[in-house]
């Protein structure tokens, strides 16, 4: 009997090892995802690989060039994508391990442009084109699109409209890490001339129960881009630049969600600072900084704007897109067609992907958090 128990134990261990080796129950946490296109392919896809650059796998086509974490569920087991056939479109979930697809919802009138998963994986918020208008202006036919924020219940496959405004375009929705709030960018337009009158960062409750309770944290004449929540959900980092002066006028700001007080962290009028990325503990921000598209740098600053690490001299735009490892010790980024990691103190540079000859473009490497 003892021999049978021992034999059973050995067989059980062997089976468990075999299952783990073939990827049973695999998640993508701890891996690195990126958006790329092969040299001989015009379209983009989302790829994942191990943290050392090995085992590069193409997950699915990227119908929009979004950050990979906008497609991937927080637990790294599922991937949301848009499928189409014979003029109809729908959202589907793809299992990251098996590749099996599950239809989520039809898209008869909505065109998702940006997405964000809720931290618990139960909902996905989207900035969707909901309609368009065309009219003659200055002797030419001009067209503009209307965008609103929708929440999709992943289990029920049902949409809920969170914003409904005609003269405002809402986009880049982002859940706070604690799941209680949603931040998004709102672009206000003159109803007659269609000119942008202001751009805001707004915050609403994540459940969307009170659509009139919109907190306008920041309002500028133009030039606001994606809001980035701090890990504790108390602050938002963002880039603002004067569109007339161009990208070189960009600065990174920090705004307190409760008080709406804000600070210019970089404050460099002739230098463009952009792509802020929070460290997991919320004490540092990695970002790109430069005078021209050909001369800029990857840096790390503290929350007072003090540079604490000079990481890397970037050589070709678009590049950079820093993302921290889950333990905060390393940063992954791109330069030209390559992907690198470097320690947060600027040491130990490693090449993960040499894209020349394989990839035409590589964008948005994201270290998938636990």
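The values are calculated or read from the model by the stated rules, or taken from the named source; none is laboratory data. Keep in mind it's a predicted model, so treat the numbers as computed, not measured. FYI the Cβ positions are ideal-geometry reconstructions off the backbone, even for glycines, and counts take in every protein chain you see.
Miscellaneous remarks
- The residue list 369, 325, 277 contains one member that is in contact (Cβ under 8 Å) with a residue 12 or more places away in the chain, under 19 Å from the mean Cα position of the chain (by Cα) and within 20 Å of residue 250 (Cα to Cα), which is 277.
- The single condition among (1) at positive phi; (2) at pLDDT 80 or above that residue 168 does not satisfy is (1).
- The strands (runs of 3 or more DSSP E) located wholly in region 253-354 that include 2 or more residues which are within 23 Å of residue 48 (Cβ to Cβ) occupy 272-278, 320-324, 330-335, 338-343, 350-354.
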